[in-house]
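Visitor: There's a structure below that I have some questions on.
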Amino acid sequence: MKNFIKKLSKKKKNKKDEFKIKLTNNLVLFNQKTISKKEAIDVVGNILLKNNYISNEYIKSMHLRDKDLSVYVGNGVAIPHGTNKSQKYIKKSGVSISIYPKGIDWNNNKVYVVIGIAGKGNDHMNTIAKIGTSLSDKNNIKKIIKSNNVKNLEKIINE
């Protein structure tokens, strides 16, 4: 997965065609207490569910994806998303974020930022590419962990 994200993030696009991730206050949780990885997947999944991006079955698929192939992508980031068969449970594309300043254990890796993705069609790959680009820089991860403002967070992710 890490190499896949690196390949996607190296692709250059026209400025006018550049994909942007949109965030609102109801899609982000800052400064969360340490929990289990299962709970963290539930948290970002439930944010997407409550905001009408997915149906409940998609959260189950997020857990299956992590069980089959860890959604930990490095640099203290995990990106839970559904399996290929779960597209039917996505109502519209969206991203949810939960930040854990003290980190959580993810298969013996420390995760500080958990980003839930529900992407319809090309939005799935575009979202992973955008996140892969911005979060490959460890300084951006540090900024995100310290962030408490959705607009600043959106700016960091879309850099």
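Visitor: State which residue is surrounded by the most Cβ atoms within 10 Å (Cβ to Cβ) when the search covers only the stretch 94-122 and only residues that are assigned to a strand (DSSP E or B) and of a type in the set (S, T, N, Q). Spell out the reasoning first.
Guide: Step one: filter the stretch 94-122 for residues assigned to a strand (DSSP E or B), giving 94-106, 109-118.
Subsequent filtering for residues that are of a type in the set (S, T, N, Q) retains 96, 98, 109.
Working: Ser96: 26, Ser98: 28, Asn109: 17.
Checked the stretch 94-122; the qualifying residue surrounded by the most Cβ atoms within 10 Å (Cβ to Cβ) is Ser98.
Visitor: Of the residues Lys37, Lys33, only one is surrounded by 13 or more Cβ atoms within 10 Å (Cβ to Cβ) and either in contact with a Ser or Thr (Cβ under 8 Å, 6 or more places away or on another chain) or at pLDDT 95 or above (or both); which? Walk me through how you get there before you give the answer.
Guide: Working: Lys33 fails: surrounded by 13 or more Cβ atoms within 10 Å (Cβ to Cβ).
The unique qualifying residue is Lys37.
Visitor: While we're on this one: So which of Asn84, Asn148 is under 26 Å from Lys33 (Cβ atoms), at pLDDT below 95 and more than 15 Å from the chain's Cα centre (by Cα)?
Guide: On the way: Asn84 fails: under 26 Å from Lys33 (Cβ atoms).
The unique qualifying residue is Asn148.
Visitor: Could you check Ala129 against (1) within 14 Å of Leu23 (Cα to Cα); (2) under 12 Å from the mean Cα position of the chain (by Cα); (3) in a helix (DSSP H, G or I) and say which number it fails?
Guide: (1)
Visitor: Here is a follow-up. Could you tell me which residue of the stretch 125-142 is modelled with the highest pLDDT, considering only residues that are of a type outside the set (A, V, I, L, M) and buried (at least 16 other Cβ atoms within 10 Å of the Cβ)?
Guide: The qualifying residue modelled with the highest pLDDT is Asn140.
Visitor: Right, something else. Quick check on the stretch 61-93: of everything there that is in contact (Cβ under 8 Å) with a residue 12 or more places away in the chain, charged (D, E, K, R) and in a helix (DSSP H, G or I), which residue is surrounded by the most Cβ atoms within 10 Å (Cβ to Cβ)? Quick ask: steps written out before the conclusion?
Guide: Pass one, the stretch 61-93, residues in contact (Cβ under 8 Å) with a residue 12 or more places away in the chain: 61-66, 68-83, 85-87, 89-93.
Adding the requirement that they be charged (D, E, K, R) leaves 65-66, 68, 85, 91-92.
Subset that is in a helix (DSSP H, G or I): 65-66, 68, 85.
On the way: Arg65: 19, Asp66: 21, Asp68: 9, Lys85: 9.
Ranking the candidates gives Asp66 first.
Visitor: So which residues in the stretch 103-140 are more than 28 Å from Asn84 (Cβ to Cβ), in contact with a strand residue (DSSP E or B) (Cβ under 8 Å, 6 or more places away or on another chain) and in contact (Cβ under 8 Å) with a residue 40 or more places away in the chain?
Guide: Gly103 - this is the single residue of the stretch 103-140 that is more than 28 Å from Asn84 (Cβ to Cβ), in contact with a strand residue (DSSP E or B) (Cβ under 8 Å, 6 or more places away or on another chain) and in contact (Cβ under 8 Å) with a residue 40 or more places away in the chain.
For every residue, the table says whether it meets (1) basic (Lys, Arg); (2) more than 12 Å from the chain's Cα centre (by Cα).
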{"position": "Val95", "(1), (2)": "no, no"}
{"position": "Lys102", "(1), (2)": "yes, yes"}
{"position": "Ile117", "(1), (2)": "no, no"}
{"position": "Asn122", "(1), (2)": "no, yes"}
{"position": "Asn140", "(1), (2)": "no, yes"}
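The values are calculated or read from the model by the stated rules, or taken from the named source; none is laboratory data. Keep in mind that this is a model prediction, so the values were computed, not measured. When we count neighbours, we look across all protein chains shown, and the Cβ atoms used for this are built from the backbone with ideal geometry, even at glycine.
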